[in-house]
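Following: one structure in structure tokens, then a few remarks.
Values in this text are rule-based calculations from the coordinates and carry no lab data. The shown structure was predicted, so the numbers you read here are calculated from the model rather than taken from an experiment. Here the Cβ positions follow ideal geometry from the backbone for every residue, glycine too, while neighbour counts run over all protein chains shown.
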Amino acid sequence: MLVSGERIVGVYVAFYSARRVGESVEKFCNLSAWCVLDGYRAHGLRLLKALLDQGGYTFTDLSPSGNVVPLNRRLKFQQIDTAAALVINLPRPSWGSGVSIVTDPRLIERHLDERNLGIYKDHALAPAAHHLAVIKRDRCCYVIFRKDTRKRLRVFASILHVGDRGLFAETAHHIYSYLLTRFGVVATFVEDRFADVHPKLSISLRSPRPKMFLSDRVSPSEVDYLYSELTCVPW
């Protein structure tokens, strides 16, 4: 917080988590909302400096505003490859496919492995996170997505987590159909890190929204979107 006398004049909201990366546990600090009253903007950087001065953290900024991106670059933040496509969701019958999709919390928990079960329990009540499990024979893919608004239309979704990338690729058309019929989502933003093969009715995004991180221990591929404003703050 930035305080003047007894008055709070600025805040920088951050989400903290401890995550297993490879064989070690890494501490993450996800930078979120940064707000400073007009008369105190000159002191706003002190909030960011206080956060970045914390030792031993990997810092992420997953929804930086336009003027924050160049500032982050000057502070040595790296940009994550967010190459993505916008997929048009089409209805598709699932009978005879051997694929089932469940959203009941009890059924989701029953099918998840230890790692994904931990992620699910941590995010089960997160306001912006929606959950489903795709089941095909003895395999399960846990998916977290959020609903997004574009052009004042809340009919879009963004994929935030994929538990089994191979199974996601095999069953993606069923997932997109389910998002349409069950959640009223007409199109889905899918980054190549989750599925680098997209259906014909999809549009590659020329300028996907940037996501950034700062770390000397973690690689871009090891940064995910969990424990952040993307799962916790609907917009």
Legend entry - Solution diffusion estimate, µm²/s, Stokes-Einstein, the stretch 84-204, Kirkwood Rh from C-alpha pairs, 4 °C, viscosity 1.567 mPa s: 90 µm²/s
Inset, instruction - For every helix of n ≥ 4 consecutive DSSP H residues, a contribution of -39,500 (n - 2.57) applies; sum these over the chain, divide by its total residues, and give [θ] at 222 nm rounded to the nearest 500 deg cm²/dmol. - result: -7000 deg cm²/dmol
Legend entry - Ranking of Ser32, Ser228, Ser24, Ser207 by count of other Cβ atoms within 10 Å, fewest first: Ser207, Ser24, Ser32, Ser228
Inset, instruction - Return the single residue from Gly96, Gly66, Gly22 with maximal mean-square fluctuation; model: Gaussian network over the chain, springs between Cα atoms under 10 Å. - result: Gly96
Inset, instruction - From the P(r) of the chain, can you give the percent of Cα pairs sitting at distances over 34 Å? - result: 20 percent
Legend entry - Phi to ³J(HN,Hα) by Karplus 6.51 cos²θ - 1.76 cosθ + 1.60 over the stretch 32-42, Hz, x for Gly, Pro: 10, 6, 10, 10, 9, 4, 3, x, 10, 4, 4
Inset, instruction - Counting only C-alpha contacts under 8 Å and six or more residues apart, can you give the relative contact order of the chain as a whole percent? - result: 27 percent
Legend entry - Under the Karplus curve 6.51 cos²θ - 1.76 cosθ + 1.60, θ = phi - 60°, whole-Hz ³J(HN,Hα) for the stretch 143-153, x wherever Gly or Pro sits: 10, 10, 9, 10, 8, 10, 10, 9, 6, 6, 10
Legend entry - the stretch 84-204 - percent relative contact order, Cα under 8 Å, separation 6 or more: 37 percent
Inset, instruction - Would you kindly state the longest site-free stretch of the chain, with sites defined as trypsin sites (Lys or Arg not before Pro) in a DSSP loop (not H, G, I, E, B) surrounded by at most 16 other Cβ atoms within 10 Å? - result: 1-75
Legend entry - Alpha-carbon centroid distance for the pair the stretch 45-104 / the stretch 106-173, whole angstrom: 15 Å
Inset, instruction - Quick one: grab the alpha carbon gyration tensor of the stretch 196-235, order the square roots of its eigenvalues as a ≥ b ≥ c, and give me rounded if a/c is under 1.5, else prolate or oblate depending on whether a/b is larger than b/c. - result: oblate
Inset, instruction - Report the local net charge at Ser100: Lys and Arg +1, Asp and Glu -1, summed over other residues whose C-beta lies under 15 Å from its C-beta. - result: +3
